[in-house]
1. Taking θ = phi - 60°, what integer Hz values does the Karplus form 6.51 cos²θ - 1.76 cosθ + 1.60 yield along segment 87-95, in sequence order, with x for Gly and Pro?
2. Nearest 0.05, what FRET efficiency do ALA50 and VAL192 give at R0 = 45 Å with Cβ-Cβ as r?
3. For GLU45, what residues show an amide H to amide H distance below 5 Å, using hydrogens built from the backbone and excluding near sequence neighbours?
4. Stretch GLU61-LYS104 to full length: gain in nm at 0.36 nm per residue minus the Cα-Cα span?
5. Between SER93 and VAL178, what's the calculated FRET efficiency when r is the beta-carbon distance and R0 is 45 Å? Round to 0.05.
6. Using the count of nearby Cβ atoms within 10 Å as a rough guide to exposure, how do ASP81, ASP42, ASP91, ASP122 rank from fewest to most?
Amino acid sequence: MSVLSPAAPHRLPIRKLLAAVVLTVGVVLALLLPAGAASAHDVVEQTSPANGSTVTVMPTELTISLNNTPAAIGSKIEIKDVGGQNWAQGDVSVLDRVASIQLKSGAPAGQYLVNWRLVSSDGHPIEGTFGFTVSTGVAGSTAGSGATLGTPAPVSTPQAQEQSTSTGGFPWLIAIAVAVALVILVALLIFVRRLRKGSAE
């Protein structure tokens, strides 16, 4: 009994230390998991005009609705006809989750391609394209009513637009937290083994 008595005072502190480390790691992961989910880049939910739709005349405004509020600074939207003329004017404005831009008057009938680049709520840029058709042009417009874009590149529906971004969506914060937790646990195990070995001697 006298041989085991020197190790007895160390058992309770070691267990408390282990419990504290496990609790700390759990709290850190609980805090980082929502942050990792929130760091996923925003996606487009709806556009007006809708992708692939036909409108009678060119609207005065084009809107892109996202699942989160984008940033106006750094965002850009272009609406080009078959001749490459950009019919967007002014800067992109943001209200709640909707990014919008004003359009020039006098647009001809034909197909239009929208190239957009927005800064998502997490600060990373997202971009994509979609198209629509104007069936009735303004009298005196330069392009004919039958103007088309030829065979435009395929575009995804707004609901499925998982746009390319400058960085991937991998949750690096979670990975770093897990790595740190593993290092702490390994260091703790080494410490416990050395402490027990010293007590046994």
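1. Running phi through 6.51 cos²θ - 1.76 cosθ + 1.60 with θ = phi - 60° gives 9, 7, 9, x, 9, 6, 10, 10, 10 Hz.
2. With R0 = 45 Å, the Cβ-Cβ based efficiency is 0.10.
3. Counting only residues 5 or more places away or on other chains, the set is SER65, LEU66, ASN67.
4. Net length gain for the segment: 14.6 nm.
5. Step by step, r from the Cβ atoms, then E = 0.65.
6. With the sparsest Cβ surroundings first, the list reads ASP91, ASP122, ASP42, ASP81.
Read-outs: derived from the displayed coordinates by stated rules, not from any lab. Because the structure is predicted, anything quoted here is derived from the model rather than measured. Backbone-built Cβ (ideal geometry, glycine too); neighbour counts: all protein chains shown.
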